[in-house]
Amino acid sequence: MMMMVRGAKAWNKIAHCMYKIANYDKIVKRVSPIEPWRRLFHIFNMRHNKSERVNMSQSNRSKVDTLSPERHPRGTRGDSTVYPVISRRARGLSLGVNLFPERKVCDYDCPYCEVKPFSNPDARLADGDIERELRHFFAERWLLYKKVYTLQDISISGNGEPTLSPRLGEALRAAKRVLIDESSRDASLSTVPTVLITNSSGFLRPEIVNLLGEFGEEWAFKIWAKLDGGTEELHRALSRSAFSLAEIVNGITEMSRRIPLTLQTMLVADTRTGRMLFDATAYASLVGSILADGGQIEAIQLYTVARRPLESWVAALSDVAMAEQSHIVHAALALEGTSAAKIRIECYGERGELVWR
Ligand code: SF4
């Protein structure tokens, strides 16, 4: 009898695990469609490297090998300015441009931030560095990367809020010039957009709205703008900034009248209280108000923490909870009108994009 009970328990456990694995595969659509190709690439590359035309140093090889959505290495010196990453939200290879290689500069203090304060004064950018580093990447490393990856975008972000950098305009123009030049040698780069990843506070400054608006008129340009929480209280808890939610929403509305935006929204839990720091209904009503005031929202990216956050009390939401919140946002947007109902919602769990519908 005892044996039978143990056997039944063991069988139940196995069945439960199998159910979880099956369910997980259904719900999680990892970036990993490229993963098997990446591995194959490395096997091929290691066998053929000596006779290959590409002169790949050991350090470059290990850099390609260690790229993953969980690691965004920014390296030192030039590597800390221009760095390739596998981005779940870009759905592949993104070439990051870090406007703050020397220290973190941000007017938010998000508890989930992955960038801790640091100091590296020698890495401070000088005139022309960004373009030089971009050109260096395409001259020295792109031949290697293109064997396995398609470049999805050049993203301006890095250790802080890019709209606070006096080099934002320089970075946008450098990305455009380099992509134009490189496209004449490699047609796959001709449709690569430039993406700005911002916390939205820069939209409160007219000179930034003008700079971005004008750049958007002349070049393939996307803006991913942060909007967290949904209520004033949650916005304060998540941004720990001097800006009110109303100011940020006004800024987003202003900017999105010029360029359609993608909203980036972080969903986390506070382990001290067990509370989820997101109000889907209030959030949907903010989005509805942006649209009603003439703003344009192309997509919403709901995501949770995938790397170690600044504060230890920040916890990621489970895949099931993320999918559930996506449903609630979708249903609440439908009540805000036809345009809101049409907004594409992307949902990202700890390990990858989720199929939530
Ligand atoms: S806005 Fe971005 S860089 Fe600034 S604290 Fe928040 S997560 Fe970190």
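Data for the structure
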{"read-out": "Amide H contacts of residue 82 (H built 1.01 Å from N, under 5 Å, at least 5 apart or other chain)", "value": "98"}
{"read-out": "Estimated distance in nm for a label pair at residue 177 and residue 150, the labels positioned 7 Å out from Cα along Cα-to-Cβ", "value": "2.9"}
{"read-out": "Separation of alpha-carbon centers, segment 140-197 and segment 281-313, rounded to whole Å", "value": "25"}
{"read-out": "Segment 229-278-segment 102-138 distance, computed between alpha-carbon centres (Å)", "value": "24"}
{"read-out": "Ranked list, fewest to most other Cβ atoms within 10 Å of each Cβ, for 191, 231", "value": "191, 231"}
{"read-out": "Order of 161, 207, 311 under a 10 Å beta carbon neighbour criterion, fewest first", "value": "207, 311, 161"}
{"read-out": "Simple spin-label estimate for residue 232 and residue 321 in nanometres, 7 Å along Cα-Cβ", "value": "2.7"}
{"read-out": "Spacing of the two label points (7 Å from each Cα toward its C-beta) at residue 107 and residue 220, in nm", "value": "3.1"}
{"read-out": "Phi-based couplings in Hz for segment 339-354 (Karplus 6.51, -1.76, 1.60; Gly and Pro marked x)", "value": "5, 5, 5, 7, 5, 6, 10, 9, 10, 10, x, 4, 10, x, 6, 10"}
{"read-out": "Rg/Rh for segment 220-348, where both radii come from Cα atoms and Rh is the Kirkwood radius", "value": "0.95"}
{"read-out": "Amide hydrogen neighbours beyond the local backbone of residue 226, cut-off 5 Å, H modeled", "value": "198, 199, 200, 264"}
{"read-out": "Net lengthening on full extension, residue 126/residue 344 (0.36 nm per residue, minus Cα-Cα)", "value": "74.5 nm"}
{"read-out": "Ranked list, fewest to most other Cβ atoms within 10 Å of each Cβ, for 281, 338", "value": "338, 281"}
{"read-out": "Amide H contacts under 5 Å for residue 354, placed H, 5+ residues apart", "value": "29, 347, 348, 349"}
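Any read-out appearing in this document is the output of simple, stated calculations on the displayed coordinates, not a laboratory observation. Everything numeric here is computed off the predicted structure, so don't read it as measured data. Cβ sites come from the backbone with ideal geometry, for glycine too, and all protein chains shown count toward neighbours.
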